[in-house]
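The values are calculated or read from the model by the stated rules, or taken from the named source; none is laboratory data. These numbers come from a predicted model, not from an experiment. Quick reminder, even Gly has a Cβ in these numbers, built from the backbone with ideal geometry, and neighbours come from all protein chains shown.
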Amino acid sequence: MSNEAKPATPSVSVLIPAHNEEEYISDCIASVLRTGWPRDRLQILVIDNCSVDSTAKRARIAGADVVPAPAGRIGSVRNVGLAAAKGQFVAYVDGDCEVPTTWLRAAIDLLESQASIGAVGGPCLSPARGTWVQRSLAPSSSGPGFIRPAKAIATSSFIARTSLLREAGGFDETLVSGEDDDMSNRILSRGLALVSASDCHIVHHGYPRTWRDAFKKEIWHGRHHIEVRSEFDLTLILTFVFLAASIALPALLVGVLLTHGMSFLYALAADILLQFAPPFLFTWKRIRQCARDWRLAIPVLGVGYAYFAGHSLGVLANLLERTTSRAQRSTAAARSG
């Protein structure tokens, strides 16, 4: 019989930021426990971001410890969890998500077997019984065992060494959103890889349920997209295409009404086609993920339009804020000089 000691199971801190998630938090924690990770090597922390419902109470009953976080942006909430983590690895999942039984084992096996991997995540799936808007935003199933390089990893499923995230300085607390893209960029800048594994997928119950909700959510996402963009960001490029076409549309309509000229009419038709190009590409991608069910094309196109309309407004608001901020700095510098 071999006298070699069996390698100890690494310790993991599962960090769950939550704000008013009483509807989902118990199921989220239960799904983490179903991964079967040894309980004495598993720390489950719910970082309560000023909830006014029963989130904290339900989290404790479900088996998690609760750490209060002061009011702040999502990066600061994630950093509260990172500071309290005791595990060798941290695994972020949002309070409105559920993880599969393979979630921790698949990610940590990859991280331990390849030192060149900085973080592992997985696709975000929509609930199988979600609304048509939710199912338009993401597929509801994912094949097992699929692994591919990633340019960014969403913190709805984000597993990494605790030491790496601390050495990287934690998450940017100035960003309204996109703190996961920013952290992904910093990990890549260290020469480490990002990996997306289908066995690390999550089911996200918090996807917008209606067209209006999708529109409002994308305004929020677009507010800091420019700050966290990668070298080639197709979504941001398509957002600018949609935004430019939308800005030109009223002027072209006025031109058609006032002049009745064919040149304005042709320009208007081209502008409308250009505006719908990003939603069309969104639809094509989603339909391919849904086993090419073309019956979903029109509903998904509507969701795609809401996606880019909201995202472009968020980006536009960000551009205006940046312009105003630069003007204020210039004025202050001129006065001080």
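The criterion of at least 3 residues that are at pLDDT 90 or above and among the small types (Gly, Ala, Ser) is met, among helices (runs of 4 or more DSSP H) falling completely within region 186-295, by 234-259, 262-289.
The one condition from (1) hydroxyl-bearing (Ser, Thr, Tyr); (2) surrounded by 22 or more Cβ atoms within 10 Å (Cβ to Cβ); (3) closer than 25 Å to PRO10 by Cα; (4) touching a Lys or Arg at 6+ places or on another chain (Cβ under 8 Å) that THR101 does not meet is (2).
Looking at ALA244, is it of a type in the set (Gly, Ala, Ser) and buried (at least 18 other Cβ atoms within 10 Å of the Cβ)? It is false that ALA244 is of a type in the set (Gly, Ala, Ser) and buried (at least 18 other Cβ atoms within 10 Å of the Cβ). Candidates are the residues of region 39-64 that are of a type in the set (Asp, Glu) and surrounded by fewer than 22 Cβ atoms within 10 Å (Cβ to Cβ); the one that is nearest to the chain's Cα centre (by Cα) is ASP53.
Looking only at region 62-71, decide whether some residue is under 21 Å from ARG105 (Cα atoms), in a loop (DSSP other than H, G, I, E, B), of a type in the set (A, V, I, L, M, F, W, C) and assigned by TED's automatic domain parsing to the domain that holds VAL93. Among the residues of region 62-71, at least one is under 21 Å from ARG105 (Cα atoms), in a loop (DSSP other than H, G, I, E, B), of a type in the set (A, V, I, L, M, F, W, C) and assigned by TED's automatic domain parsing to the domain that holds VAL93, which makes the answer yes. Is there a residue being of a type in the set (Ser, Thr, Tyr) and farther than 28 Å from THR210 by Cα anywhere in region 118-134? No, region 118-134 has no match at all.
The residue of region 112-140 that is farthest from the chain's Cα centre (by Cα), among those that are aliphatic (A, V, I, L, M) and buried (at least 21 other Cβ atoms within 10 Å of the Cβ), is VAL133.
Answer with yes or no whether ARG135 is basic (Lys, Arg) and over 23 Å from ASN185 (Cα atoms). Taking the combined requirement at face value, the residue satisfies it. Exactly one residue out of SER177, SER198 is assigned by TED's automatic domain parsing to the domain that holds SER76 and touching a His at 6+ places or on another chain (Cβ under 6 Å): that is SER177. Scanning region 157-199 for residues that are of a type in the set (Val, Ile, Thr) and within 16 Å of the chain's Cα centre (by Cα), we see that the one that is surrounded by the most Cβ atoms within 10 Å (Cβ to Cβ) is ILE159. Applying the condition of being exposed (fewer than 15 other Cβ atoms within 10 Å of the Cβ) and at pLDDT below 95 to region 3-38 and asking which residue is nearest to ALA119 (Cα to Cα) yields THR9.
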